[in-house]
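Quick notes on the structure that follows.
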Amino acid sequence: EVQLEESGGGLVKPGGSLRLSCAASGFTFSNVWVSWVRQAPGKGLEWVGRIKTKTDGETTDYAAPVKGRFSISRDDSKNTLYLQMNSLKTEDTAVYYCTTHRGIVNLLDFWGQGTLVTVSS
Amino acid sequence: DIQMTQSPSTLSASVGDRVTITCRASQSISSWLAWYQQKPGKAPKLLIYAASSLESEVPSRFSGSGSGTEFTLTITSLQPDDFATYYCQQYNTYLTFGQGTKVEIK
């Protein structure tokens with residue numbers, strides 16, 4: 001059974017940093033593209049960024065609102081995905097989900113349950 | 001960037017109703033479109049991909065159609081478990097979601 005478990009969320013002040021983790025199990029993590037998607041309270045879904053597999057160069061791409069502030073990495077030996085968030089803003093407050101891609105397209109099939117990040121002074 | 005626009009934002013319906021949600025893309029995305037269902041406090045669940053392909057174990061009362069820039073999600077005979085928010089998502093170029101359609105009880 002595919003499982004994705006996010007952790008690391010919490011309360012952080014504007015301008016601060018936080019690192020989220022996503023532990024994967026039930027599939028061969030190293031073979032899968034993965035993305036972070038967020039959802040602000042009461043709002044819709046917003047793609048944050050994606051990392052491809054090592055075979056595909058571990059290429060990362062980011063949405064415009066987080067480019068230059070957020071960084072996605074992966075440790076295939078630990079089956080874990082990371083999201084390093086720097087220079088946090090109040091508008092980054094959201095539930096952050098990790099998701100797997102189906103094949104090499106941007107279709108998201110499995111989702112974790114999410115972790116809440118609150119940016120507030 | 002490709003923008004996705006869903007309509008309506010909210011839809012009131014009764015059990016047994018036929019429900020249709022529309023999603024429009026700002027430029028052609030061929031059939032690179034998915035639909036997700038999200039219930040409060042839960043992660044989204046994939047329902048439809050490639051505009052009209054039903055994800056495994058999703059009830060057949062859900063169907064999708066369209067290509068290019070106009071797409072629809074139809075639920076025939078709405079069931080109590082179907083009251084939720086539905087999102088379209090294009091995956092032609094990166095990813096973009098529609099703003100969501102909440103299906104509520106009439």
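A simple rule links phi to the HN-Hα coupling: the Karplus curve 6.51 cos²θ - 1.76 cosθ + 1.60 with θ = phi - 60°, which for region A:72-81 gives 9, 9, 9, 10, 5, 5, 10, 6, 10, 10 Hz, with x for Gly and Pro. Other residues within the sphere of radius under 15 Å centred on the Cβ of B:K106, judged by their own Cβ, net out at -1 (K and R +1, D and E -1).
Neighbours of B:I75, meaning other residues whose beta-carbon lies under 12 angstrom from its beta-carbon, give a summed charge of -1 when Lys and Arg score +1 and Asp and Glu score -1. Legend: Rg and Dmax of region A:12-114, from Cα coordinates, 13.1, 38 Å. As a size descriptor, the averaged projected area of the C-alpha convex hull of chain B was calculated at 6.0 nm². Taking Cβ atoms as reference points and 13 Å as the exclusive limit, the residues near A:G57 contribute a net charge of +1, counting Lys and Arg as +1 and Asp and Glu as -1.
Applying both filters, DSSP loop and at most 13 other Cβ atoms within 10 Å, to the GluC sites (Glu not before Pro) of region B:38-103 gives B:E57.
When the Gaussian network model of chain A links Cα atoms closer than 10 Å, the mean-square fluctuations of A:G26, A:G103, A:G16 top out at A:G26. Taking the inverse of the mean reciprocal distance over all distinct Cα pairs, the Kirkwood hydrodynamic radius of the protein assembly as shown comes to 18.0 Å.
Bear in mind these aren't lab numbers, they're just calculated from the coordinates by the rules spelled out. The model shown is predicted, which means the values in this text are computed figures rather than measured ones. Please note: Cβ atoms are built from the backbone with ideal geometry, for glycine as well, and neighbour counts cover all protein chains shown.
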